[in-house]
Amino acid sequence: MAKKSGLKIDRKYTTPGNPYNNITWEKRSSKITNPDGSVVFEMNDVEIPSTWSQVATDIMVSKYFRKAGVPQLDADGNELKDENGDTVLGPESSSRQVFDRLAETWRHWGETTGYFASSDDAQAFEDELKYMLATQMAAPNSPQWFNTGLNYKYDLTGPAQGFWYVDPKTGKLTEVKIHTQDHNHMLVLFNLLMMIWSMRVELWTSGSKKHVCSSLDQVLEQTSLT
């Protein structure tokens, strides 16, 4: 019998069950103001890796945190319920939630479409990407931060907005039913896998001009991956 093909993922930074090994988290505030001092955006008690700059914190919190529809959790990680027993919804409040929804969704796509040699390889892929996102070794472009995982993690849906993808189960062209471009970038993300594993992401924005980005601050300055 032929061996099952697929990506084999060796762990470089993580151990099973501990994707955020040795990362220190801290609570911060994020505030965006106009030149006259008036507040455009403010959010307090957000969880961010301690190594991140305040600029990266402000960009993550103000631009990429989902601001509504996210189940709220207590200190033990249990969903909060209101007086009617319904789940309390609100914003993302930790960068860990963002890293989780991105990496877990990428893993889900790859696993369901046969990218990985085994479930262990899929888990290693997920864990390694969580660690690399948290340590700014790698970062996707803006549509991924905004949109990826909103349906998979939070079951959020919305009206179709003209984005299409090929359903791997049916082989048919299917309109996306949530305002997201994440399917359009899935192939690009997986093509970058081997470069990510060499501890850097190389992004080309035009012609042969190459940018080597080693931190979120640099990556966010790039306008497009496509």
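Kindly evaluate Ile23 against the criterion of being aliphatic (A, V, I, L, M), in a loop (DSSP other than H, G, I, E, B) and in contact with an Asp or Glu (Cβ under 6 Å, 6 or more places away or on another chain).
no
Among the listed residues Thr51, Thr57, Thr24, identify the single one that is in contact with a Lys or Arg (Cβ under 7 Å, 6 or more places away or on another chain), farther than 21 Å from Tyr154 by Cα and of a type in the set (Val, Ile, Thr).
Being in contact with a Lys or Arg (Cβ under 7 Å, 6 or more places away or on another chain), farther than 21 Å from Tyr154 by Cα and of a type in the set (Val, Ile, Thr) holds for just one of Thr51, Thr57, Thr24, which is Thr57.
Does region 6-14 contain at least one residue that is without any contact (Cβ under 8 Å) to a residue 60 or more places away in the chain and among the β-branched types (Val, Ile, Thr)?
No; the residues of region 6-14 include none that is without any contact (Cβ under 8 Å) to a residue 60 or more places away in the chain and among the β-branched types (Val, Ile, Thr).
Quick check on this structure: which one of Ser29, Ser62 is within 15 Å of Val98 (Cβ to Cβ) and not in a loop (DSSP other than H, G, I, E, B)?
Within the list Ser29, Ser62, the selection yields Ser62.
Does region 11-28 contain at least one residue that is hydrophobic (A, V, I, L, M, F, W, C), modelled with pLDDT of 95 or more and under 21 Å from the mean Cα position of the chain (by Cα)?
Within region 11-28 (the criterion being hydrophobic (A, V, I, L, M, F, W, C), modelled with pLDDT of 95 or more and under 21 Å from the mean Cα position of the chain (by Cα)), the answer is yes, since at least one residue qualifies.
Of all residues in region 154-167 being at pLDDT below 75 and surrounded by fewer than 11 Cβ atoms within 10 Å (Cβ to Cβ), which is nearest to Gly90 (Cα to Cα)?
Filtering first and then ranking leaves Pro159.
Hey, among the residues in region 69-105 that are hydrophobic (A, V, I, L, M, F, W, C) and out of contact with any strand residue (DSSP E or B) (no Cβ under 7 Å at 6 or more places or on another chain), which one's nearest to Gln123 (Cα to Cα)?
Ala103
Can you tell me which of Val70, Val46 is β-branched (Val, Ile, Thr), surrounded by 11 or more Cβ atoms within 10 Å (Cβ to Cβ) and farther than 20 Å from Thr135 by Cα?
Being β-branched (Val, Ile, Thr), surrounded by 11 or more Cβ atoms within 10 Å (Cβ to Cβ) and farther than 20 Å from Thr135 by Cα holds for just one of Val70, Val46, which is Val70.
Starting from region 98-121, keep only residues that are on the phi > 0 side of the Ramachandran plot, then list their pairs with residues that are outside any helix (DSSP H, G or I) and surrounded by 15 or more Cβ atoms within 10 Å (Cβ to Cβ) whose Cβ atoms are within a distance under 8 Å, requiring at least 6 positions of separation or different chains.
Short answer, once both residue conditions are applied: Gly114/Gly6.
Only residues that are polar (S, T, N, Q), touching a residue at least 24 places away in the same chain (Cβ under 8 Å) and more than 15 Å from Ser94 (Cα to Cα): list them for region 26-65, please.
Passing the criteria: only Ser53.
Yes or no: Ala56 over 30 Å from Thr170 (Cα atoms) and modelled with pLDDT of 95 or more?
The answer is yes for Ala56.
Which of the residues that make up region 66-95 are in contact with a Pro (Cβ under 8 Å, 6 or more places away or on another chain), in contact (Cβ under 8 Å) with a residue 12 or more places away in the chain and part of a loop (DSSP other than H, G, I, E, B)?
Result: Arg66, Lys67, Ala68, Val88.
Mind checking which residues of region 130-146 are hydroxyl-bearing (Ser, Thr, Tyr) and buried (at least 22 other Cβ atoms within 10 Å of the Cβ)?
Residue satisfying the conditions is Tyr131 alone.
Table: residues versus (1) free of Cβ contacts under 8 Å to residues at least 60 places away in the same chain; (2) among the polar types (S, T, N, Q); (3) under 23 Å from Val98 (Cα atoms); (4) in a helix (DSSP H, G or I).
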site: Leu129; (1), (2), (3), (4): no, no, yes, yes
site: Leu133; (1), (2), (3), (4): yes, no, yes, yes
site: Met137; (1), (2), (3), (4): no, no, yes, no
site: Pro143; (1), (2), (3), (4): yes, no, yes, yes
site: Tyr152; (1), (2), (3), (4): yes, no, yes, yes
site: Lys169; (1), (2), (3), (4): yes, no, no, no
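Restrict the check to region 79-102 and report whether at least one residue is touching a Gly at 6+ places or on another chain (Cβ under 8 Å), surrounded by 17 or more Cβ atoms within 10 Å (Cβ to Cβ), at pLDDT 90 or above and among the aromatic types (Phe, Trp, Tyr).
No, that holds for no residue.
The values are calculated or read from the model by the stated rules, or taken from the named source; none is laboratory data. Quick caveat: nothing in here was measured; it's all calculated off a predicted structure. Glycine also receives a Cβ, built like all others from the backbone with ideal geometry; neighbour counts cover every protein chain displayed.
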